[in-house]
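Chemist: Let me begin by handing over the structure; questions about it come next.
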């Protein structure tokens with residue numbers, strides 16, 4: 001059952017990664033267009049420049065969750081690499097429950113008022129020609145951290161599965 005849950009989380013993670021890859025491609029096209037317009041045609045668009053950092057923000061914020069499930073996050077590898085699979089899984093579970101989830105909850109709930117305030121005043125770009133609906137990009141902060149909490153559940157299931165298989169592998173080795 002837990003293996004099926006882990007696979008479902010990984011499928012969702014792959015789908016999210018594909019969406020982020022498309023956003024990366026759109027950002028590259030946007031930057032290319034902006035550079036050509038600015039340096040060759042001496043014409044620049046504030047909206048296109050703002051779109052660059054909006055796309056980058058979404059990729060970064062949601063990319064954290066993809067990196068978590070793909071084990072692409074930062075850790076102290078010179079210590080961690082020497083540990084057994086079982087110890088690594090335990091460290092990952094404890095770190096997720098005690099550090100990742102509380103911090104993600106703090107950011108999620110701490111950013112909600114920020115988004116609501118932006119929505120209520122219908123905040124727009126301060127720059128002439130900039131993008132409207134600034135609250136949309138600000139809403140990505142609590143959404144991405146909510147998604148990170150959701151993905152941390154999948155990551156914890158993955159670590160529990162590692163604990164379970166590491167235990168059976170050790171028992172099988174003992175019987176030889």
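Where a number appears in this text, it was derived from the coordinates with a stated rule and is not lab data. Because the structure is a prediction, the values reported are computed rather than measured. With ideal geometry, Cβ positions are generated from the backbone for all residues, glycine too; neighbour counts draw on all protein chains shown.
Chemist: Rounded to the nearest 500, what is the chain's calculated 222 nm mean residue ellipticity when only DSSP H runs of at least 4 contribute -39500 (n - 2.57) each, over all residues?
Modeler: It comes out at -27000 deg cm²/dmol, rounded to the nearest 500.
Chemist: Which entry in [x] 1.34; [y] 1.25; [z] 1.18 is this structure's computed Cα Rg over 2.2 N^0.38 Å?
Modeler: Checking each listed value against the structure points to [x].
Chemist: For the pair residue 80 and residue 120, what calculated FRET efficiency results from E = 1/(1 + (r/R0)^6), where r is the Cβ-Cβ distance and R0 = 35 Å, to the nearest 0.05?
Modeler: Plugging the Cβ-Cβ distance into 1/(1 + (r/R0)^6) gives 0.20.
Chemist: Top mean-square fluctuation among 62, 109, 40, Gaussian network model of the chain, C-alpha springs under 10 Å?
Modeler: It is 40.
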